[in-house]
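The values are calculated or read from the model by the stated rules, or taken from the named source; none is laboratory data. Model, not experiment: these values are computed from the prediction. Counting neighbours? That spans all protein chains shown, and the Cβs are built from the backbone with ideal geometry, glycine included. Keep in mind that these areas ignore ligands, DNA and RNA; they rest on the heavy atoms of the full protein, side chains included. Shrake-Rupley method; radii C 1.70, N 1.55, O 1.52, S 1.80 Å.
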Amino acid sequence: MLFLAVPAVIAVSSGFFTGDGAFTLANLAAFADPSVLRAFGGSFGLSAVSAVLGAVIGALVCWALAALRPDGLVRSMIDAAASVLAQFGGVMLAFAFIATIGVQGLVTTWLVSATGVDLNANGAFLYTVPGLVLPYVYFQVPLMVLTFMPALEGVKAQWGEAAATLGASRATYWRRIALPVLAPAFWGSLLLLFANAFSSFATAAALISQGGIVPLTIRAQLTSETIIGLQNVAGVLALGMVVVMAVVMGAYSLLQRRAARWQR
C-alpha cells in the first residue's frame with residue numbers, strides 16, 4: 001500500500017508548493033489554462049469513446065462465449081488470450097499499430113494499392129488523439145471480457161425457464177429480468193474501462209510526441225514548464241487525475257457491490 005500511496009501523495013502535494021518550497025494555492029489556476037482544459041477534454045473524450053466501444057464489443061463477445069462450455073478448448077483459449085491482451089499495451093502495441101495502419105503500414109499500403117483508399121489522406125490519423133481510440137479499444141475489449149463474463153455467467157438458466165413457464169417471451173425475459181440484473185455489472189465494467197483509458201500513458205506516449213491528453217501534458221510539464229507564471233503544474237494535473245479516478249472508482253465500487261448480489 002505504501003509503495004502506491006507515497007509516490008501518489010508526493011506527486012499531488014507538489015502542486016501546492018512553489019519552486020522555493022513555500023505553500024501556495026496559486027498553482028490551481030492551471031485548471032483555467034486553455035491547454036489544460038483541452039488536455040482534460042481530450043482525455044475524457046478518448047476514455048469515453050474507447051470505453052463505450054470496448055464495453056459494447058466485449059459484452060457481445062461475452063454473450064457469444066456464454067454458449068460455449070466453460071472447460072472447453074475454445075473458451076479456455078479465448079479466456080487466456082483476453083488475460084494477455086488486456087495487459088498488452090505500451091510501445092509494443094504502438095509499434096504493432098504503426099506497422100499495420102501507420103503511414104507506411106501493411107494495411108494502409110494494401111488499401112491504397114487495392115482500393116485507392118488512403119487512411120491518412122487528411123494526415124497521419126494514428127498519431128492524433130482520435131487515432132488513439134483504435135489501440136485503446138484493442139486492450140479495452142479483453143478487459144471487458146474479463147470483468148463482465150462473471151456477471152453474465154451469474155445469470156441462471158432457471159430464471160429464463162421460470163419466465164417462460166409464466167408466459168414471458170424471450171424478449172420480455174431479457175428486458176425485464178436479465179438486462180436489469182446485468183446492468184450494474186455492465187455500467188461498473190464501463191467505468192473500469194474509462195478509468196483504464198484515462199490513466200493509460202505508454203501507448204499514447206509512443207504515438208504522440210506532444211500533449212492532447214492529461215498524462216502527456218504532465219510529461220510536458222515535467223520536462224519544461226510550459227504554463228508561464230505557475231510552477232509545479234504537473235502536480236496540479238496529477239491532483240485533477242486523482243480526483244477523477246477517485247470519483248470513477250467510487251462509483252465502480254458501488255455498482256460492483258450491487259452486481260455482486262446476483263453472482264453469489
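Among the residues of the stretch 171-187, the ones that are open to solvent by 100 Å² or more (accessible area, probe 1.4 Å) and touching a residue at least 60 places away in the same chain (Cβ under 8 Å) come to 1 in all. Pairing residues of the stretch 150-170 that are under 24 Å from SER189 (Cβ atoms) with residues that are loosely packed, with under 13 Cβ neighbours inside 10 Å and charged (D, E, K, R), at Cβ distances under 9 Å and at least 6 apart in sequence or on separate chains, gives GLY154/ARG264; GLY160/ARG170. Contact annotation: residue pairs with Cβ atoms under 9 Å, 6 or more positions apart or on different chains, pairing a residue in the stretch 13-26 that is more than 17 Å from LEU222 (Cβ to Cβ) with a partner that is loosely packed, with under 13 Cβ neighbours inside 10 Å, are ALA26/GLY229.
Selection over the stretch 9-44 of residues that are part of a helix (DSSP H, G or I) and surrounded by 14 or more Cβ atoms within 10 Å (Cβ to Cβ) gives a count of 20.
Would you call SER76 of a type in the set (Gly, Ala, Ser), at pLDDT 85 or above, within 22 Å of ALA246 (Cβ to Cβ) and part of a helix (DSSP H, G or I)? Give the derivation first.
Details: of a type in the set (Gly, Ala, Ser): yes; at pLDDT 85 or above: yes; within 22 Å of ALA246 (Cβ to Cβ): no; part of a helix (DSSP H, G or I): yes.
No.
Out of the residues in the stretch 201-223 meeting the condition of being in a loop (DSSP other than H, G, I, E, B) and in contact with a Leu (Cβ under 9 Å, 6 or more places away or on another chain), tell me which one is surrounded by the most Cβ atoms within 10 Å (Cβ to Cβ).
We begin by selecting, within the stretch 201-223, every residue in a loop (DSSP other than H, G, I, E, B); these are 201, 208-213.
This time we only want the ones that are in contact with a Leu (Cβ under 9 Å, 6 or more places away or on another chain), so: 201, 208-210, 212-213.
Numbers: PHE201: 15, ILE208: 19, SER209: 11, GLN210: 9, GLY212: 22, ILE213: 26.
So the residue we want is ILE213.
For the stretch 224-236: of the residues being assigned to a loop (DSSP other than H, G, I, E, B) and touching a Ser or Thr at 6+ places or on another chain (Cβ under 8 Å), which is modelled with the lowest pLDDT? Spell out the reasoning first.
In the first step, residues of the stretch 224-236 are kept if they are assigned to a loop (DSSP other than H, G, I, E, B); the result is 224-232.
Applying the additional criterion that residues be touching a Ser or Thr at 6+ places or on another chain (Cβ under 8 Å) yields 226-227, 231-232.
On the way: THR226: 61, ILE227: 64, GLN231: 73, ASN232: 76.
Here the answer is THR226.
When you check LEU126 against the structure, is it assigned to a helix (DSSP H, G or I) and at pLDDT 90 or above, yes or no?
On the way: assigned to a helix (DSSP H, G or I): yes; at pLDDT 90 or above: no.
The answer is no for LEU126.
State yes or no: is ARG219 of a type in the set (D, E, K, R) and closer than 30 Å to ALA29 by Cβ? Spell out how you get there, then give the answer.
Working: of a type in the set (D, E, K, R): yes; closer than 30 Å to ALA29 by Cβ: yes.
Against the criterion (of a type in the set (D, E, K, R) and closer than 30 Å to ALA29 by Cβ), ARG219 qualifies.
From the list PRO184, PRO215, PRO180, the lone residue that is in contact with a Lys or Arg (Cβ under 8 Å, 6 or more places away or on another chain) and under 25 Å from GLN140 (Cα atoms) is PRO184. Go through VAL117, VAL141 for me and flag whichever is of a type outside the set (S, T, N, Q), open to solvent by 60 Å² or more (accessible area, probe 1.4 Å) and either assigned to a helix (DSSP H, G or I) or farther than 21 Å from ALA55 by Cα (or both). Answer to the check: VAL117.
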